[in-house]
Amino acid sequence: MSLLQRLNEKNLSTALTQDGNPVTSKREIVRPKESELKLSLQSHLIAELKKNPNLSDDGQRELIEVESMKFLNDKNDRLTYEGKVELIRTVSNELIGYGPITSLLNDPEVSEIMVNGPFQIYIEKNGKLLLSDQYFRDDEHVLQVIEKIVSPLGRRIDESSPMVDARLPDGSRVNAIIPPLSLVGPAITIRKFPQNRLQIDDLIRFGSLSDEMAKFLEACVKARLNIFISGGTGSGKTSLLNVLSSFIPADERIVTIEDAAELQLLQDHIVSLETRPPNIEGKGAISIRDLVRNSLRMRPDRIVIGEVRSGEALDMLQAMNTGHDGSLATGHSNSPREMLSRLETMVLMAGMDLPIRAIREQMAGAIDLIIQQSRLKDGSRKVVNITEVIGMEGDTIVLQDLFSFRQTGTGENGKIIGKHVSAGIRPYCSEKLEQYGFELPADWFNGE
């Protein structure tokens, strides 16, 4: 039995009715019916597009609009003008867009799109999850859109490789997973990138960090401190990494390493590296760890790692300890202390039988700052801690908070009220910052 046949069978048991309850019989499944007019229009437009294979995206859209209007007028259909425009938009999204999620991708207020099978599409707006009114025709329709996303990148998704990470042309991150791993049908998660690249002033305006914190972090990046950004899923780690990377001087050579290229650095001298999944024979995979080791032979001034999640942590720490100062990386964790514990575990995943004390000495010598980014209950994303790694005391890595976010209450609609405060401690790294010409005002570290 083919994959699509099994997916269609799955629809009978996992499709949803309009009130959101699961159904179990074929009669209960609510599926939008494609009109003959829509199918005829699609066939006509496909034929016209084949006659003009070299058109740009804008040219294709213009051709679709003109030919669709001519086709519908010739058919003398009873559709209103608004109905025709809606039909043309739907067909255009199918042919040169990404189907039902095209309008969501074009909506600047939508920051994330979550497709849970064909009949349920959730979106994130202003940090809140909402059920959209869009839907796919069936599982095959979702698979077609996934294929359209991953094919140009040389990636694949099928029974032998049912998960894939990819990106859209604008840099938005895409993850897709299909049956038999997904029990609700093909699932897509898209983390959209803002159309206008965030700057440090935007983060200050959003309340993500204070002006003093921003100036301090800018000095730390320019003074080549090794910085690790920690946080949970969707907390804004990559956005903050993009902002911090913008402080790297333009005359330095930057090597970026990612699973799916997301970073949008503005400097000219950048080499972007991206992992490669195994081929259909299960060979040829290139991991983050392979790329980190290779980057050391590329004469980098800075190494920027999109996310550390496995044995590459060992290679990253060794690079930071052997002259590659100013490196930036992110990782998943709920606090700076937990991030260090996770790094220990990831170093052990490299397969090296190292004593824990040796690993901790590597971390204490390599990492200067840990920035903890969090997504709060009201959906806002904030830097909740800037923590300095001081060194070792016995077998323990010593940390000290320099800045933190302190919640003072809850306002209307559950909005969290609070402020960023200094711990009242002058940074251990201030001497290094002064060597690079950065004088830290004493009032930044006066405490509350």
*Scan the range 281-324 for residues that are in a helix (DSSP H, G or I) and not aliphatic (A, V, I, L, M) and jot them down.*
R289, D290, R293, N294, S295, E312, D315, Q318, N321
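If you go through the range 327-339 one residue at a time, do you hit one that is acidic (D, E) and part of a loop (DSSP other than H, G, I, E, B)?
Just the residues of the range 327-339 that are acidic (D, E), to begin with: 338.
Those left that are additionally part of a loop (DSSP other than H, G, I, E, B): none.
No: the range 327-339 contains no residue that is acidic (D, E) and part of a loop (DSSP other than H, G, I, E, B).
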*Qualifying position, being in contact (Cβ under 8 Å) with a residue 24 or more places away in the chain, farther than 19 Å from T330 by Cα and buried (at least 20 other Cβ atoms within 10 Å of the Cβ), among G207, G185, G231*: G185
*Read through the list (1) closer than 25 Å to I157 by Cα; (2) touching a residue at least 60 places away in the same chain (Cβ under 8 Å); (3) of a type in the set (A, V, I, L, M), then give the number of the only condition that A329 fails.*
(1)
*Cross-chain or 6+ apart pairs with Cβ under 9 Å, the range 91-109 first and touching a residue at least 24 places away in the same chain (Cβ under 8 Å), then surrounded by fewer than 16 Cβ atoms within 10 Å (Cβ to Cβ) and outside any helix (DSSP H, G or I)*: L105/D170; P108/P194; P108/Q195; P108/N196
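In the set L291, L263, which member is within 28 Å of L402 (Cα to Cα) and either among the aromatic types (F, W, Y) or within 22 Å of the chain's Cα centre (by Cα) (or both)?
On the way: L291 fails: within 28 Å of L402 (Cα to Cα).
Of the residues listed, the single one that is within 28 Å of L402 (Cα to Cα) and either among the aromatic types (F, W, Y) or within 22 Å of the chain's Cα centre (by Cα) (or both) is L263.
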*L348 passes all but one of (1) aliphatic (A, V, I, L, M); (2) touching a residue at least 24 places away in the same chain (Cβ under 8 Å); (3) in contact with a Leu (Cβ under 9 Å, 6 or more places away or on another chain); which number fails?*
(2)
*When the range 365-396 is examined, which residues are found to be of a type in the set (V, I, T) and surrounded by fewer than 21 Cβ atoms within 10 Å (Cβ to Cβ)?*
I390, T396
*Only one of I123, I157 is over 29 Å from P278 (Cα atoms), free of Cβ contacts under 8 Å to residues at least 24 places away in the same chain and buried (at least 18 other Cβ atoms within 10 Å of the Cβ); which?*
I123
*If we only count strands (runs of 3 or more DSSP E) wholly inside the range 359-448, which ones have 3 or more residues that are without any contact (Cβ under 8 Å) to a residue 60 or more places away in the chain and of a type outside the set (G, A, S)?*
381-393, 396-410, 416-422
_Being closer than 30 Å to S380 by Cα and more than 27 Å from the chain's Cα centre (by Cα) is the filter here; which residues of the range 392-405 pass it?_
V398, L399, Q400, D401, L402
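Each row is one residue, and each column tells you yes or no for (1) of a type outside the set (D, E, K, R); (2) in contact with a strand residue (DSSP E or B) (Cβ under 8 Å, 6 or more places away or on another chain); (3) modelled with pLDDT of 95 or more.
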residue	(1), (2), (3)
G326	yes, yes, no
H332	yes, yes, no
T345	yes, no, no
M352	yes, no, no
A358	yes, no, no
R375	no, yes, no
T387	yes, yes, yes
*Could you please give the count of residues in the range 188-234 that are closer than 19 Å to E109 by Cα, basic (K, R) and in a loop (DSSP other than H, G, I, E, B)?*
2
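Can you confirm whether the range 133-140 contains a residue that is in contact with a Gly (Cβ under 8 Å, 6 or more places away or on another chain) and over 30 Å from F206 (Cα atoms)?
yes
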*Of all residues in the range 245-284, how many are β-branched (V, I, T) and out of contact with any Pro (no Cβ under 9 Å at 6 or more places or on another chain)?*
6
*Of all residues in the range 49-70, which are under 13 Å from I96 (Cα atoms), of a type in the set (D, E, K, R) and in contact with a helix residue (DSSP H, G or I) (Cβ under 7 Å, 6 or more places away or on another chain)?*
D57, R61, E65
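The values are calculated or read from the model by the stated rules, or taken from the named source; none is laboratory data. Note that this is a predicted model, so its numbers are computed, not measured. Virtual Cβ from ideal backbone geometry, glycine too; neighbours counted across all protein chains shown.
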